[in-house]
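Engineer: Next up is a structure, given as structure tokens.
The values are calculated or read from the model by the stated rules, or taken from the named source; none is laboratory data. Since we're looking at a predicted model, the values are computed, not measured. Positions of Cβ are generated from backbone atoms using ideal geometry, with glycine treated the same way; all protein chains shown enter the neighbour counts. Please note that ligands, DNA and RNA were not included when accessible areas were found on the heavy atoms of the full protein model with its side chains. Shrake-Rupley method; radii C 1.70, N 1.55, O 1.52, S 1.80 Å.
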Amino acid sequence: MAIRRTKKTVEPAATPQRVSAPPADLEPIDEKIIAALRQSGRIANRDLARLIDVNEATVRTRLRKLEANNTVRVVAMRDLTAMGFNAIAAVGVQVKGRSAAQVGAELARLENVITVNVTIGMYDLEVQVVAADIEELDRLLTDSIANVEGVERLFPGLSMKILKYNPEWAPL
């Protein structure tokens, strides 16, 4: 299903710049701390210390260093189904008349948009969206996303079943 937007407006393209950090050199103890936090982000420092066989002060110091270096960030994750989002879709977006970054920034402000990626290939953007049901997904695609200035065409793919969802994307 392709959704086409016909309004054509041209704006000057912005050139976003991003500074990338070199990969962190992790010591074995840091890897153990991260692995334990992946299992339970709410584990107490004393329990974590006991689990990896170091003292609590070492865990505290290492965690502070990992957080200060932006190597680790402990966050809560939402269970989308428990929150009532029963429709999840990956949407390819072709952009015309504006930069992908500008359109992506505007899409990122929509509440039900959970990821926005600038891509190369068939689509300029890949957006992941959630909705309570198919009707809400339809409204989101046709009334909200398709009407963002610069969105030329949408290629939604409805997730029928999630076979793997791994928030631990960065290998140790």
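Engineer: Does the range 48-69 hold any residues that are closer than 15 Å to L37 by Cβ and open to solvent by 100 Å² or more (accessible area, probe 1.4 Å), and which are they?
Structural biologist: Listed by number, the residues that qualify are R50, L51, R64, K65.
Engineer: Sticking with this structure for a sec: Of all residues in the range 31-47, which are under 30 Å from S159 (Cβ atoms) and open to solvent by 90 Å² or more (accessible area, probe 1.4 Å)?
Structural biologist: Q39, R42
Engineer: Another one. Give all pairs with beta carbons closer than 9 Å in which a residue from the range 89-115 that is farther than 19 Å from A132 by Cα and open to solvent by 20 Å² or more (accessible area, probe 1.4 Å) meets a residue that is part of a helix (DSSP H, G or I) and not aliphatic (A, V, I, L, M); count only pairs at least 6 apart in sequence or on separate chains.
Structural biologist: Every condition considered, the pairs that remain are V95/Q102; V95/G104; R98/E106.
Engineer: Restricting the first residue to the range 29-55 and requiring it to be charged (D, E, K, R), which pairs with a second residue that is open to solvent by 30 Å² or more (accessible area, probe 1.4 Å) meet a Cβ separation below 7 Å and a spacing of at least six or different chains?
Structural biologist: Correct list of pairs: D30/R62; E31/L172; R38/E168; R46/E56.
Engineer: Ok, one more. For the range 61-72, give me the residue count where each residue is outside any helix (DSSP H, G or I) and either without any contact (Cβ under 8 Å) to a residue 24 or more places away in the chain or on the phi > 0 side of the Ramachandran plot (or both).
Structural biologist: 1
Engineer: Which is at pLDDT 95 or above and in a loop (DSSP other than H, G, I, E, B), of V93, V75, V54, V127?
Structural biologist: V54
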